[in-house]
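Data first, discussion second: the structure below is written as structure tokens.
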Amino acid sequence: MKKFTRQELKNHNKRLILQTIYQSSRSSRAEVARQTGLTRTTVSDLVAELIKEHLVVEQGYGPSAGGTPPMMIEVMDSARQMIGIDLANDEFRGGLLDMRGHVSELTKLPLKNRRGEEAIQLMYDLIDRLLKKADSPILGIGIGSPGVLDARNGIVRIAVNLGWVNLPLSDRLRERYQQPVYVANDSHIAAFGEFTFGSKPPGRNLAVLKVGRGISAGIVINGRIYYGDTFGAGEIGHVVVDRGGKLCSCGKRGCLETVASTRAIVSLCQQIIQEQPELFPNSVLSNPENMETSDVLEAFEMGNAAVAEIIRNAGSYLGYALSFLIATLNIVDIRIAGSLARFGDPLLDTIRETVHECTLSTLVRDTHIELASLGQNIVLQGAGAIVLSNELKLV
Ligand SMILES: [Zn+2]
């Protein structure tokens, strides 16, 4: 075993102490010593350093256990900030995050079909704006990008919509900002965000199915993102579920994305608008080619039966694809995220029904399929979580 130098040992202990305080929300030096097995002197010395670095603050006296009441300490959530970026939609979204994943300075810049170098410039613009607004030291930059990403080397292998091929994204950003940079696929990052900052804490494993313009799943196993051997874990959007069906952007026919993505759903609604115009809001009728998911949602909420059928059908395909994931991994905690999650319980019910029909009952009994607790910021919160995890080992 490698022998620690005195400095390494100190850093290790300090990180352990910070972690312990972070996870218990509020603690005392004596409690931290008990939990970490370190001596009280070591804990006191290192807590003093953490206080000097503004990472930990004293918060008044706690209840006495007989003797002098203990001084309570906690991590100062705003002591450091992370920049979280989501590149997976028609607009680039970014925000500053505190150490509990709260988002401030949410900023959105529409992509307007920018590709290649232009899309990179837009991302720079977004990060520049956020850096200017930061009011605490920055821990690093986290990016969730669509496409296949080599997260270990920070390279976008391919992101079709952005026109990026073998782009060394981390190197480019590190050179420009001199900050630690972490990049990963948006679904992988979303799963880690939900795992870390979601309001319903899961066990050690979690799968998040993200359904928007694209469809893919992010998988967390033992508290870590499972990327797969070639970083393609969870790419179920291009599994063929409707053989010989519609042509997909990937060149195959009948992929899950051709029947259950928001793009597919909008396109089906554009077809029925001709036959049943009375079912859609006026804003859409005048300009059906600009129909968006929110218009479909409006029609759906007004009780449009034809739209309800389209959503049921999409949910059924999603449930079918999910059943393979559930049977393969036996992860019992499944969350649905992305813009389709806005269709809520009716969508969820269809997904659950189909999973019941298609999966071994014993497996289904223990499986919980819910909507993700983080909303539209799930990817940028996940991007912050990945920075926090790598830089401070707090999550
Ligand atoms: Zn496809």
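Here, each number is a calculation from the coordinates, and none is a lab measurement. Everything numeric here is computed off the predicted structure, so don't read it as measured data. With ideal geometry, Cβ positions are generated from the backbone for all residues, glycine too; neighbour counts draw on all protein chains shown.
Shape class of the range 143-244 from the Cα gyration tensor (axes a ≥ b ≥ c, square roots of the eigenvalues): oblate, since a/c reaches 1.5 or more and a/b does not exceed b/c. Averaging over all projection directions, the Cα-based convex hull of the chain occupies 23.8 nm² in the image plane.
Residues in the range 105-119 carry Karplus couplings, in order, of 6, 4, 10, 10, 10, x, 6, 6, 6, 5, 9, x, 5, 5, 5 Hz; the curve used is 6.51 cos²θ - 1.76 cosθ + 1.60 with θ = phi - 60°, and Gly or Pro positions show x. Rg and Dmax, both from the Cα atoms of the range 1-66 and both in Å, are 12.5, 43.
Look at the alpha carbon pairs under 8 Å that are at least 6 residues apart: their mean separation over the length of the range 1-121 gives a relative contact order of 17 percent. For the options Ser283, Ser249, Ser216, a Gaussian network treatment of the chain with springs between C-alpha atoms closer than 10 Å singles out Ser283 as fluctuating the most. Modelled label positions at Arg34 and Lys108, each set 7 Å beyond Cα in the direction of Cβ, lie 4.8 nm from each other.
In straight-distance terms, cross-link reach from Lys108 covers every one of the lysines whose alpha-carbon lies under 25 Å from its own, apart from those fewer than eight places away in the same chain; here that gives Lys132, Lys133, Lys210. Value of Rg to Rh for the range 244-395, rounded to two decimals, is 1.03; Kirkwood radius and Rg both from alpha-carbon coordinates. Straight-line cross-link partners of Lys3 among the lysines, defined as a Cα under 22 Å from its Cα and at least 8 positions apart when in the same chain: Lys14, Lys393. Helix 305-329 sits at what angle to the longest principal axis of the chain, using alpha carbons and giving 0 to 90 degrees rounded to 10? Helix 305-329 sits at roughly 50 degrees to that axis.
Qualifying trypsin sites (Lys or Arg not before Pro) in the range 87-147, where qualification requires a DSSP coil assignment and no more than 11 other C-beta atoms within 10 Å, comprise Lys112.
The alpha carbon convex hull volume per residue for the range 1-120 rounds to 173 Å³.
Here the Karplus relation 6.51 cos²θ - 1.76 cosθ + 1.60, evaluated at θ = phi - 60°, turns the backbone of the range 62-79 into coupling constants of x, x, 7, 9, x, x, 5, x, x, 6, 8, 10, 8, 6, 7, 4, 8, 5 Hz, with x for every Gly and Pro. Taking 0.36 nm per residue of separation and subtracting the Cα-Cα distance, full extension of the segment from Thr68 to Glu117 would add 11.4 nm.
The H on the amide N of Ile158, modeled in the peptide plane, is under 5 Å from the matching H of Val148, Asn166, each at least 5 residues off or on a different chain. Once Rg and the Kirkwood radius are both taken over the C-alpha atoms of the range 32-93, their ratio Rg/Rh works out to 1.24. Which residues in the range 240-256 have a backbone N closer than 11 Å to a point placed 7 Å from the Cα of Ile158 along the Cα-to-Cβ line? Residues 250-252 qualify, since their backbone N sits under 11 Å from the label point.
Rounded to the nearest Hz, the phi-derived 3J(HN,Hα) couplings of the range 290-304 under the Karplus curve 6.51 cos²θ - 1.76 cosθ + 1.60 (θ = phi - 60°) are 9, 4, 10, 4, 5, 5, 4, 4, 4, 4, 4, 6, 7, x, 5, where x marks glycine and proline.
Across the range 71-146, the convex hull enclosing all Cα atoms gives 84 Å³ per residue.
Between the amide H of Gly140 and those of Ile83, distances stay under 5 Å, these residues lying 5 or more places away or on another chain, with hydrogens modeled in the peptide plane. What the Cβ-Cβ distance of Arg6 and Asp242 gives, at R0 = 56 Å and to the nearest 0.05, is a FRET efficiency of 0.35. Any idea what angle helix 6-24 forms with the longest principal axis of the chain, computed on alpha-carbon atoms, 0 to 90 degrees, nearest 10? That works out to roughly 60 degrees.
Once backbone amide H atoms are built at 1.01 Å from N, Ser28 has Ile73 as its partners under 5 Å, excluding neighbours fewer than 5 places away on the same chain. Only helices enter this figure: runs of n ≥ 4 DSSP H residues, each worth -39500 (n - 2.57), summed and divided by the residues of the chain, yield -13500 deg cm²/dmol at 222 nm to the nearest 500.
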